[in-house]
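Below is one structure, written out as structure tokens; comments come after it.
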Amino acid sequence: MKIQFRKGPQAILLAAALTLGLGVASVAAGRLNNTHPAPAFQFAEPHHAVSRTSFAPVAKKVLPAVVAVSSSKVTKIPAEFFGQMPDDPMFRQFFGNQQGRHFNVPHDMPEQRERGLGSGVIVTPDGYILTNNHVVDGASDIKVTLADQRVFTPTVVGTDPNTDIAVLKIDATNLPCVRMGDSSKVEVGDVALAIGDPFGVGQTVTMGIVSATRRSHLGIEDYEDFIQTDAPINPGNSGGALVNEYGDLIGINTAIIAHGSEGNQGIGFAVPVNLARNVMDEIVEHGKVTRAYLGILPQDVTPAMAKAFGAKDARGALVGDVTPDSPAQKSGIEKGDIILEANGKPVEDSNALRMSISMMQPGSHVNLKVFRNGAEREVPVTLAELPTQEATLRNENGHGRSSLSGVSVETVTPESAHDLGLPASTHGVVVTRVDPASAAADAGLQKGDVIQEVNRKPVRSATDFENAVHAGNGDNLLLVNRNGSTLYLAV
């Protein structure tokens with residue numbers, strides 16, 4: 001279970017991604033090079049309002065297309081367990097009867113299998129399945145169980161940790177599938193049904209309403225535009241379907257918030273289906289998600305800021321910084337500009353602008369309406385590809401064992417530096433995943449650390465990081481920026 005803690009004035013806010021079982025780490029693998037045909041989605045037709053006293057017809061239509069996704073991963077027992085005596089019952093629970101056996105930590109540490117349960121949604125008759133990235137994250141073995149109890153081993157077509165979406169493919173035809181709805185038309189108060197496999201008890205349908213739309217700034221994912229619902233969802237619902245009263249898919253259930261509990265408290269979140277479908281199309285067609293890039297650090301406009309800049313309303317996205325040589329800089333966007341519209345559509349806040357740009361294709365043109373020095377002006381911009389780079393180090397035949405195997409990183413951008421609470425000028429690579437069984441984890445490397453040097457050499461990109469690690473002799477000295485302070489780690 002992936003958990004985020006936020007400290008509030010009265011309670012700890014728990015945001016838990018809804019995989020039942022121990023959390024597993026990121027799968028950057030599975031991104032294939034356009035080896036799959038484009039999915040043939042079934043789209044919903046316009047509906048007329050009806051009054052319902054039972055949602056049994058909807059459940060009967062959708063349930064066959066919702067699957068259980070089980071995953072497992074072999075990991076080494078954490079070193080702290082070795083402080084227990086061999087005859088301790090807890091020791092035997094983890095290790096079996098190991099009395100008298102000597103372990104060399106960490107090279108001879110016993111292994112355990114972590115298991116997780118989630119859900120998925122069949123969206124095409126030929127076996128494409130949408131689920132959450134964290135459901136299959138780091139898994140060495142994945143099984144999909146259909147409603148008719150058939151079991152398949154799927155292919156991981158690709159994943160997008162930034163939106164927590166993964167695409168699986170099973171080898172089957174004529175499968176029941178859910179029709180794609182239009183999440184842009186979802187309104188607060190709409191009926192919502194959550195369908196999945198909570199706690200592994202079996203297929204379950206719960207009902208509620210859409211409590212809110214466009215939820216963001218929760219710190220759950222990098223790109224957040226969630227549908228919020230009070231339809232009861234629990235651990236194991238991750239990757240399951242959120243449908244409307246007609247049975248049309250409007251979201252993929254992803255996370256819950258609860259006060260001191262791991263169960264439903266009436267606040268759940270789903271990735272809107274329009275965003276999930278866009279991610280799926282990118283993965284299937286290109287093998288990865290390619291996002292457009294403007295090159296600014298946007299901020300929300302508060303009433304105080306609006307007054308200071310001479311704007312009439314507290315709306316739009318304030319440009320806090322402009323990345324050098326970015327599309328924004330080349331088009332003349334400046335610090336202090338307030339972006340009011342993009343291609344004629346109002347920009348409500350910084351997240352709305354970020355989501356809008358991220359769903360466009362690199363090379364596309366966008367006309368921005370900008371407020372500057374008391375006047376509005378049109379600024380045409382040609383978007384570029386988001387330059388964020390990723391790298392994952394694994395043990396590969398012929399390359400020996402790297403001490404940093406099992407570590408995934410991304411190039412730090414001004415935007416990600418801001419999210420980490422660091423200056424926009426911060427360089428390096430941010431750690432997005434550390435295998436808990438790796439030497440890097442034993443050395444203390446953590447997710448969110450920014451690696452700025454490898455073996456005393458600066459790194460400014462994921463490519464620099466890979467090259468520096470492969471050029472080493474297997475051991476690595478890292479200079480890490482953690483929460484604004486630097487420290488050295490020997491791995």
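Every number here is computed from the coordinates shown, using simple stated rules; none is lab data. What you are looking at is a predicted structure, and each value in this text was computed from that prediction instead of being measured. Note that each Cβ is placed from the backbone with ideal geometry, even for glycine, and that neighbours are counted across all protein chains shown.
Report the per residue volume, in Å³, of the convex hull enclosing the C-alpha atoms of region 169-239.
With only Cα atoms used, region 169-239 gives 134 Å³ per residue.
How much net charge surrounds Gly363 when only the other residues with a Cβ under 14 Å from the Cβ of Gly363 are counted, with Lys and Arg +1 and Asp and Glu -1?
Around Gly363, the surrounding residues sum to +1.
Counting C-alpha atoms alone, how compact is region 390-490: give Rg to one decimal and Dmax as a whole number, in angstrom.
12.5, 40
In nm, give the distance between the simple-model label positions of Asn483 and Asn373, each being 7 Å from the Cα along the Cα-to-Cβ direction.
The answer from the label model is 4.4 nm.
Name the aspartates and glutamates eligible as straight-distance cross-link partners of Lys61: C-alpha to C-alpha under 13 Å, and not fewer than 8 places from it in the same chain.
Once the sequence-local aspartates and glutamates are set aside, what remains near Lys61 is Glu245, Asp248.
Could you list which residues have their amide H under 5 Å from that of Leu386, counting only those 5 or more apart in sequence or on another chain, with H placed in the peptide plane?
Arg291, Ala292, Tyr293
Got a sec to turn the phi values of region 428-438 into Karplus ³J(HN,Hα) couplings, 6.51 cos²θ - 1.76 cosθ + 1.60 with θ = phi - 60°, whole Hz, x for Gly and Pro?
These are the phi-based 3J(HN,Hα) values: x, 10, 8, 6, 9, 7, 10, 4, x, 9, 8 Hz.
Given the Cα-Cα distance of Ala308 and Thr382 and 0.36 nm per residue of separation, how much length would full extension add, in nm?
Answer, rounded to one decimal: 23.7 nm.
Using only alpha carbon positions, build the gyration tensor of region 292-385, then give the equivalent ellipsoid semi-axes as the square roots of 5 times its eigenvalues, largest first, whole angstrom.
21, 13, 12
Using only the Cα atoms of region 146-266, build the gyration tensor, take square roots of its eigenvalues as a ≥ b ≥ c, and label the shape rounded, prolate or oblate: rounded if a/c is under 1.5, else prolate if a/b is larger than b/c, else oblate.
Note, shape of region 146-266 comes out rounded.
What's the local net charge at Leu275, with K and R +1, D and E -1, over the other residues with C-beta under 13 Å away?
-4
Please state, as a whole number in µm²/s, the translational diffusion coefficient that the Stokes-Einstein equation yields for region 264-325 at 37 °C and 0.692 mPa s, with Rh defined as the Kirkwood radius across alpha carbon pairs.
For the chosen part, D equals 214 µm²/s.
Which order do the peptides 214-227, 134-147 take when ranked by the mean count of other beta-carbon atoms within 10 Å per residue, highest first?
Packing order, densest peptide first, comes out as 134-147, 214-227.
For a quick check: with amide H placed at 1.01 Å from N, whose amide H comes under 5 Å from Asn476's, ignoring anything fewer than 5 positions away on the same chain?
Sorted by chain and number, the residues that satisfy this are Val491.
With the crude spin-label approximation of a point 7 Å out along Cα→Cβ, what separation in nm comes out for Asp419 versus Arg456?
For Asp419 paired with Arg456, the spin-label model returns 3.4 nm.
Once the other residues with Cβ under 14 Å from the Cβ of Ala147 are scored (Lys, Arg +1; Asp, Glu -1), what is the net sum?
Result for the local shell: +1.
Tell me, what ³J(HN,Hα) does each residue in region 345-355 have, in order and in whole Hz, if you take phi through Karplus 6.51 cos²θ - 1.76 cosθ + 1.60 with θ = phi - 60° and put x for Gly and Pro?
Going residue by residue, I get 9, x, 9, 6, 7, 5, 5, 4, 5, 4, 5 Hz, with x marking Gly and Pro.
Using alpha-carbon positions, what is the distance between the centroids of region 126-153 and region 362-380, in Å?
Taking the Cα centre of region 362-380 as reference, the centre of region 126-153 is 44 Å away.
Using the Karplus curve 6.51 cos²θ - 1.76 cosθ + 1.60 with θ = phi - 60°, what ³J(HN,Hα) values do you get for each residue of region 475-491, in whole Hz, with x for Gly and Pro?
Those phi angles translate into 9, 9, 9, 10, 9, 10, 9, 10, 6, x, 10, 9, 8, 9, 10, 9, 10 Hz.
Given the Cα-Cα distance of Val201 and Asp148 and 0.36 nm per residue of separation, how much length would full extension add, in nm?
Fully extending the segment from Val201 to Asp148 adds 17.5 nm.
In nm, to one decimal, how far is the modelled label at His217 from the one at Asp475, with both set 7 Å along Cα→Cβ?
Calculated label separation equals 4.8 nm.
Can you tell me the order of 159-171, 361-373 when each peptide is scored by its average per-residue count of other Cβ atoms within 10 angstrom, highest first?
Per-residue Cβ counts within 10 Å, averaged per peptide and sorted highest first, yield 159-171, 361-373.
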